[in-house]
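Heads up: the structure comes next, in structure tokens.
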Amino acid sequence: MKSLRTTPQVSEWGFPGWLMPINDLVEKYWDEYDLGDIPQTAWDAVTINGEILGVPVVGNSFLMIYRADLFEKHGIKVPETYEEVIAAAKKLKAGESSIDVPFTINLHAAWAWEMEFFQMLGAFDGKFLNDDYTPAFNGPEGVKALEMMVKVAKEAMGPEGLSYSIDDTEIGLQTGRLAFANTWASRAVKMNDPEYSDFVDELKFAPAPAGYPGGKVAASAWNDFYCIPKNIDGDRELIFQVMMEALDLESQTKAVEYGIPTRMKSMESDMVGAYMPAAMEGIARGAGAYPLTPATPLVRTALQEYLPTIMNGTMSAQEVLDKAAASYTAEAKANGYL
Amino acid sequence: MKRKLFFKFSAPSNLTMITLMLIPLGVAVFLSLHFVTFVNINTPKFVGLSNYAAILTDPQFWQAFRFSMVILIIAVPIQIVLGFCMALLLDQIRSIFRGVILALILLPFVVVPVVGTLMFKQLFEVGGLVAYWYRAVFNQPFLFTPTSVRVLIIIHLIWYVTPYPLVVFFAGLQGLPESQLEAAEVDGASRWQQLVHIVIPFLRPLLLMTSMILIMDMYRMFDSIMVMTEQNPMYQAENLMMYSYRVGMMVQRLGRANATAILTVLGVMVVLIPFLRITYKNQMRNE
């Protein structure tokens, strides 16, 4: 039995010891299946205390998708920071009647707030946790990140944009209701497909905006993995081989049409989407994934519990983050991480 | 029937009830007295009543409790009254269309709750039909705010659950003896008097039973709220089930989630006491 796991589950299931280490199999079949073709960063994202717990299958990241025709019409240059995003959105809101919402990030659900915060936190050089697992997200960088998110939500998105889900964003861009967005790279695949999009030639791609000029982009990079449960009764080597067959270069080359496979050689395909350079530049400019620690799931839960409440206007960014930090600390202590 | 014979005949259902209800309840009580997460699930740590204390001093629990009560107080009476009125109207239709109309009315109740809620929510989302009309009429977008989301949840619950009391009352009306209504009509009773003095007393046991079931259902509502809110605390629309899910599945405090479940069961019992009392009294009177 094999299963696909995203990076957060590597922490959630890896640390309790529910996933089977496969170092020996990776080493044994390294050359036969050309596993060196998968970047080391992807292997690192599934390695806990030296134990490899899965095989990276697919990746994803964030990028900015924008309507080049509208930008040109209103004399807007492609934003590189969130301050520039807000300025561009204001200009479009004031002068472009064909759109409903100028810009969106994904803030429609609690988990979406937490993920966007993680990205914005990185863009302001912050981090979730200190090395001793005490909370770091409620420091000055976290406050700046959350304040920027609120500013973006209020000034660039508006109340309607706040309810845009990932699907709404994708459809909004394809139908012309939305001018630009920072969203998943996998959602860029169908932007230039005439079957789905009314703006095939107009929709272009750029790296996610940064927190400040020259800083890291507010993006994240993820991998999904094939993992084997530790309590499995079957032949683990056979399962590994089946996984490898599903991960061969032919399958991965076909997959570039739909996403970001992990084999680098698959990127040589002619089918690589027009969005790929922007996604790759974002990864090169600091987009990363959640820290691999046993306490990470608790941080995410605490943030999901409190971040969206800032829109109710009763607490400041610092107060919201302090509440989340207090909630996290209580749970981390109860679980013995602090 | 002799008591001994009664116990023999009812033994299979009693055993099933004990297996499916009392044992899980016992496990829930056990877990509620322990610190348990997914990691230490095999070695739970006894913590006494501290899970209960933590819940009862948690403002989010009380906010969830309040919203559960709001749902109960608003949705259940409307579901009962609406279901009753629709059953009366349906009972007046004598043609072949009665079956067709009944089938159409039942649709929201037949559709899988999550699917039904998604379809309902999509009406109000960007590009949804109602959102489109709203914009056309008011010249502004329909927004998901704490108030609108809570109202939509209650409207959805009414839309989706009302077919249940409707069917129950409609079935009850089929058993109403025509002779009683005819006699009342001969005696000069108005339609309203027939309704108040004959129909409603006749359906009283069904009204009580349906009310109890709806109260339990509304108290335990989960899927509709989960889909409508996607756990976004901005909407302040968490009920007790959602609170319990969040504490159990996200915070991974299984003991505390079980303590919430126990408190929820107790809460349902408290709310149901008046209904159970009336049912008991009726039964005694009949015996």
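The values are calculated or read from the model by the stated rules, or taken from the named source; none is laboratory data. For clarity, every value in this text was computed on a predicted model and none was experimentally measured. FYI the Cβ positions are ideal-geometry reconstructions off the backbone, even for glycines, and counts take in every protein chain you see.
At a glance:
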| quantity | calculated |
| --- | --- |
| Meets criteria (under 30 Å from residue B:149 (Cα atoms) and within 14 Å of chain A (Cβ to nearest Cβ)) for residue B:53 | no |
| Number of the exception - residue A:212 against (1) of a type in the set (Ser, Thr, Tyr); (2) surrounded by 22 or more Cβ atoms within 10 Å (Cβ to Cβ); (3) at pLDDT 90 or above | (2) |
| Selection status of residue A:281, more than 9 Å from chain B (Cβ to nearest Cβ), under 21 Å from the mean Cα position of the chain (by Cα), buried (at least 18 other Cβ atoms within 10 Å of the Cβ) and not hydrophobic (A, V, I, L, M, F, W, C) | yes |
| Whichever residue in region B:215-268 is charged (D, E, K, R), assigned to a helix (DSSP H, G or I) and surrounded by fewer than 21 Cβ atoms within 10 Å (Cβ to Cβ) and, among such residues, is farthest from the other protein chains (Cβ to nearest Cβ) | B:217 |
| Condition met for residue A:141 (in a helix (DSSP H, G or I), of a type outside the set (S, T, N, Q) and farther than 26 Å from residue A:179 by Cβ) | yes |
| In region B:119-129, residue nearest to residue B:141 (Cα to Cα) [restricted to those that are in a helix (DSSP H, G or I) and free of Cβ contacts under 8 Å to residues at least 40 places away in the same chain] | B:124 |
| So residue B:75, is it surrounded by 13 or more Cβ atoms within 10 Å (Cβ to Cβ), modelled with pLDDT of 90 or more and assigned to a helix (DSSP H, G or I) | yes |
| Among the candidates A:121, A:146, A:173, A:178, residue that is within 14 Å of chain B (Cβ to nearest Cβ), buried (at least 22 other Cβ atoms within 10 Å of the Cβ), touching an Asp or Glu at 6+ places or on another chain (Cβ under 8 Å) and touching a residue at least 24 places away in the same chain (Cβ under 8 Å) | A:178 |
| Meets criteria (more than 17 Å from residue B:166 (Cα to Cα) and modelled with pLDDT under 90) for residue B:119 | no |
| Residue A:91 free of Cβ contacts under 8 Å to residues at least 60 places away in the same chain, surrounded by fewer than 17 Cβ atoms within 10 Å (Cβ to Cβ) and not hydrophobic (A, V, I, L, M, F, W, C) | no |
| Among the residues listed as B:173, B:129, B:143, B:123, the single one being under 22 Å from residue B:211 (Cα atoms) and either within 12 Å of chain A (Cβ to nearest Cβ) or hydrophobic (A, V, I, L, M, F, W, C) (or both) | B:173 |
| Residue among A:193, A:198 that is surrounded by fewer than 15 Cβ atoms within 10 Å (Cβ to Cβ), out of contact with any strand residue (DSSP E or B) (no Cβ under 8 Å at 6 or more places or on another chain) and more than 14 Å from every other protein chain (Cβ to nearest Cβ) | A:193 |
| Where residue A:112 falls short, out of the listed (1) small (Gly, Ala, Ser); (2) closer than 19 Å to residue A:296 by Cα; (3) surrounded by 21 or more Cβ atoms within 10 Å (Cβ to Cβ); (4) within 13 Å of chain B (Cβ to nearest Cβ) | (3) |
| Residue check, residue B:274 free of Cβ contacts under 8 Å to residues at least 40 places away in the same chain, surrounded by fewer than 16 Cβ atoms within 10 Å (Cβ to Cβ) and either within 11 Å of chain A (Cβ to nearest Cβ) or of a type outside the set (S, T, N, Q) (or both) | yes |
| Residue that is surrounded by the most Cβ atoms within 10 Å (Cβ to Cβ) [pool: residues in region A:124-141 that are more than 30 Å from residue B:144 (Cα to Cα) and of a type in the set (S, T, N, Q)] | A:134 |
| Residue among A:293, A:309, A:301 that alone is surrounded by fewer than 22 Cβ atoms within 10 Å (Cβ to Cβ), farther than 18 Å from residue A:143 by Cβ and either within 14 Å of another protein chain (Cβ to nearest Cβ) or touching a Ser or Thr at 6+ places or on another chain (Cβ under 8 Å) (or both) | A:293 |
| Residue under evaluation residue B:98, criteria (1) of a type outside the set (Ser, Thr, Tyr); (2) in a loop (DSSP other than H, G, I, E, B); (3) at pLDDT below 90, criterion not met | (2) |
| Criterion (in contact with a Pro (Cβ under 6 Å, 6 or more places away or on another chain) and either without any contact (Cβ under 8 Å) to a residue 12 or more places away in the chain or among the aliphatic types (A, V, I, L, M) (or both)) met by exactly one of A:38, A:65, A:52 | A:38 |
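A quick yes/no check of all residues on (1) surrounded by 18 or more Cβ atoms within 10 Å (Cβ to Cβ); (2) free of Cβ contacts under 8 Å to residues at least 60 places away in the same chain; (3) within 18 Å of residue B:160 (Cβ to Cβ); (4) over 25 Å from the mean Cα position of the chain (by Cα):
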| residue | (1), (2), (3), (4) |
| --- | --- |
| B:104 | no, yes, yes, no |
| B:109 | no, yes, yes, no |
| B:113 | yes, no, yes, no |
| B:117 | yes, no, yes, no |
| B:134 | no, yes, no, yes |
| B:137 | no, yes, no, yes |
| B:140 | no, yes, no, yes |
